[in-house]
1. Taking strands (runs of 3 or more DSSP E) that do not extend beyond segment 66-152, which have at least 2 residues that are surrounded by 16 or more Cβ atoms within 10 Å (Cβ to Cβ) and not aliphatic (A, V, I, L, M)?
2. Which of (1) within 30 Å of ILE3 (Cβ to Cβ); (2) in a loop (DSSP other than H, G, I, E, B) does ASN262 not meet, given it meets every other one?
3. Just to check your reading of the model, which residue among VAL254, VAL289, VAL219, VAL280 is in the same structural domain as VAL6 (by TED's automatic domain parsing) and of a type outside the set (Phe, Trp, Tyr)?
4. Does segment 297-313 contain at least one residue that is among the aliphatic types (A, V, I, L, M), under 23 Å from GLY12 (Cβ atoms), in contact with a Cys (Cβ under 8 Å, 6 or more places away or on another chain) and in contact (Cβ under 8 Å) with a residue 40 or more places away in the chain?
5. Could you check how many residues of segment 33-67 are under 19 Å from the mean Cα position of the chain (by Cα) and of a type in the set (D, E, K, R)?
6. Restricting attention to segment 32-51, which residues are of a type in the set (Ser, Thr, Tyr) and crowded, with 16+ Cβ neighbours inside 10 Å?
7. Sort out which residues of segment 52-63 are surrounded by fewer than 24 Cβ atoms within 10 Å (Cβ to Cβ), in contact (Cβ under 8 Å) with a residue 60 or more places away in the chain and not polar (S, T, N, Q), and write them in order of number.
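The values are calculated or read from the model by the stated rules, or taken from the named source; none is laboratory data. For clarity, every value in this text was computed on a predicted model and none was experimentally measured. Note that each Cβ is placed from the backbone with ideal geometry, even for glycine, and that neighbours are counted across all protein chains shown.
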Amino acid sequence: MEIKAVKFRKDGFYSQPFAFGGEEGMDKFDKNIRYRGSLQNYLIDTGSEVILVDTGLPAGTPEENPDENSPAYTGKDICSYMDAFAALGYKPEQVTKILLTHKHADHSGELRSFPNAKIYVNQEELSAAELQGLGNLVPVSFTDGAYYNFPESQKIADGIFLIKAKGHTNGNSIVIVENEGLFYMIHGDITYVDEALYENKLSVVYDDLPAARETLDRVREFVRSHPTVYVSTHSPQGYENLEAKRVMDLDHPVPTVFDKVNFEKKEASGKYVCSICGYVYDPAEHDGVAFEDLPDDWRCPRCKQSKEKFNRA
């Protein structure tokens, strides 16, 4: 069995208030500390099946143009998700299953590009706008009982499990792959950066804060009890851990490499992009109302995050 990263954005960042401030508040942390960010999803080749964990941003999603006050930035395009997938040597028709960690478009954006695949998703996510019109969804109700300290799980294939992990979204899930004595935890957005796992901090992005805390506690308990490779979506630490088969040791963190950002001034398009879910606000689609003129309490129509989570495109 092989697990491979599908890498499509690089050189992003997540500020410490964004990555750590979910419980204590963003003002308790230093906005000038930025951790390295990226975007990648994952592919599992079992030898008999090709299984994807999440499917990137939709083709054509514009790059963000962050400034000094941006709390998060998903990074520069390396290529589209589908080009990154093809670069690994696979074709869409080979994919038999897709395991969706959650609804946000940076995880679900290219689901429609794999018509032969069954899409396994927590049944609590089925009403999400990102999933409407898909005929190949397999609602998961987690009927296989506990998986170690996680109370609810579904076995997908030998050594591959979908774990109920509510919090970041109400239908959030984790994928755990058992291979050669290691547990590969492909966790979606339980944390955005590994530093948050070490420091036991929640990000500011959640649907249910108490559930997010319970999930993070269970993740940390699992990591302490099992040789776990922690495989992230939003940090290059995800594929670095994967490639090194690095087992997480919560008492001996991998040294942080802080992000150094050169903010580029680009010509403004008038569009803004949500750094959480990829939603694009285009004034042309909203009666010409500029993003800056939206009320302060306006929220992203998809992930319900505040205006500060948007960057210029």
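1. Working: elements: 95-99, 118-122, 137-140.
The qualifying strands (runs of 3 or more DSSP E) are 95-99, 118-122.
2. (1)
3. Just a single option satisfies the conditions, and that option is VAL219.
4. Taking every residue of segment 297-313 in turn, none turns out to be among the aliphatic types (A, V, I, L, M), under 23 Å from GLY12 (Cβ atoms), in contact with a Cys (Cβ under 8 Å, 6 or more places away or on another chain) and in contact (Cβ under 8 Å) with a residue 40 or more places away in the chain.
5. 5
6. Scanning segment 32-51 gives TYR35, SER38, TYR42, THR46.
7. Those that are surrounded by fewer than 24 Cβ atoms within 10 Å (Cβ to Cβ), in contact (Cβ under 8 Å) with a residue 60 or more places away in the chain and not polar (S, T, N, Q): PRO58, PRO62, GLU63.
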